[in-house]
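What follows draws every value from the coordinates through simple rules; no lab data is involved. In this text the structure is predicted, and so the values were computed from the model without any measurement. Positions of Cβ are generated from backbone atoms using ideal geometry, with glycine treated the same way; all protein chains shown enter the neighbour counts.
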Ligand code: URA
Ligand code: SF4
């Protein structure tokens, strides 16, 4: 597959980018997923948060972070003093990747090829929005933004100056949900988001 590049229009108009992304065939994921789930939020949000890929709920509704991970993220944003309505939320990969188990669709990690194929959309979103701060939620987003050497465990919760914006990586809200010590993982997640809030203040 050719990657998303040839589907990305040369415009910084977010609505045009979103419309074009509906027809992306830059990798094989568009074949089985229901729809493209593009980013959502203010056109000139000061903060962009990047997840991994849409999940089952996101694929069905077309909106990012509306399932269980999104519910946890909402709560953590509130606890960190960040207004979700002020955040542009998107994903590194814009189609749902899954395996079927009976009637259930089980999330599958996107591969390197799919992440690389989809990054032109993320690049176009960031060039259009020009946020002050980019927050990577989990390793897939962090690799898309910082490269494959980046290690969340080592670098999380630190503000990094990257070209025209600041960036910070933390864990994915799904990792908090899966954590054996959920309360601690949640507090650490909110701690990282509080660092992000302070950087925006
Ligand atoms: N997980 C993500 O990374 N993104 C979503 O939009 C939903 C769940
Ligand atoms: Fe295009 Fe990204 Fe969807 Fe692949 S995952 S088809 S590159 S929008």
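The figures follow:
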quantity	calculated
Filter result (more than 20 Å from residue 175 (Cα to Cα) and touching a residue at least 12 places away in the same chain (Cβ under 8 Å)) within the stretch 40-62	40, 41, 42, 43, 44, 45, 46, 47, 60, 62
Verdict on residue 63 being surrounded by fewer than 19 Cβ atoms within 10 Å (Cβ to Cβ) and under 15 Å from the mean Cα position of the chain (by Cα)	yes
Considering residues of the stretch 26-40 that are away from ligand 1 (no atom under 13 Å from the Cβ) and either in contact with a helix residue (DSSP H, G or I) (Cβ under 7 Å, 6 or more places away or on another chain) or assigned to a helix (DSSP H, G or I) (or both) only, the residue farthest from residue 56 (Cα to Cα)	26
Meets criteria (under 16 Å from the mean Cα position of the chain (by Cα), buried (at least 16 other Cβ atoms within 10 Å of the Cβ) and within 16 Å of ligand 2 (Cβ to nearest atom)) for residue 119	yes
In the stretch 55-76, residue farthest from ligand 1 (Cβ to nearest atom) [restricted to those that are touching a strand residue (DSSP E or B) at 6+ places or on another chain (Cβ under 7 Å) and over 18 Å from residue 20 (Cα atoms)]	56
First in the stretch 76-96 and over 19 Å from residue 126 (Cβ atoms), second anywhere and part of a strand (DSSP E or B) and more than 9 Å from ligand 1 (Cβ to nearest atom), Cβ under 8 Å, 6 or more apart	77/87; 96/105
Test: residue 38 is surrounded by 19 or more Cβ atoms within 10 Å (Cβ to Cβ) and within 13 Å of ligand 2 (Cβ to nearest atom)	yes
Some residue of the stretch 45-52 being away from ligand 1 (no atom under 15 Å from the Cβ), assigned to a loop (DSSP other than H, G, I, E, B) and touching a strand residue (DSSP E or B) at 6+ places or on another chain (Cβ under 9 Å)	yes
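Residues are listed down the side, and each one gets a yes or a no for (1) more than 16 Å from ligand 2 (Cβ to nearest atom); (2) at positive phi; (3) touching a strand residue (DSSP E or B) at 6+ places or on another chain (Cβ under 9 Å):
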position	(1), (2), (3)
92	no, no, yes
105	no, no, yes
131	yes, no, yes
145	no, no, yes
155	yes, no, yes
167	yes, no, yes
179	yes, no, no
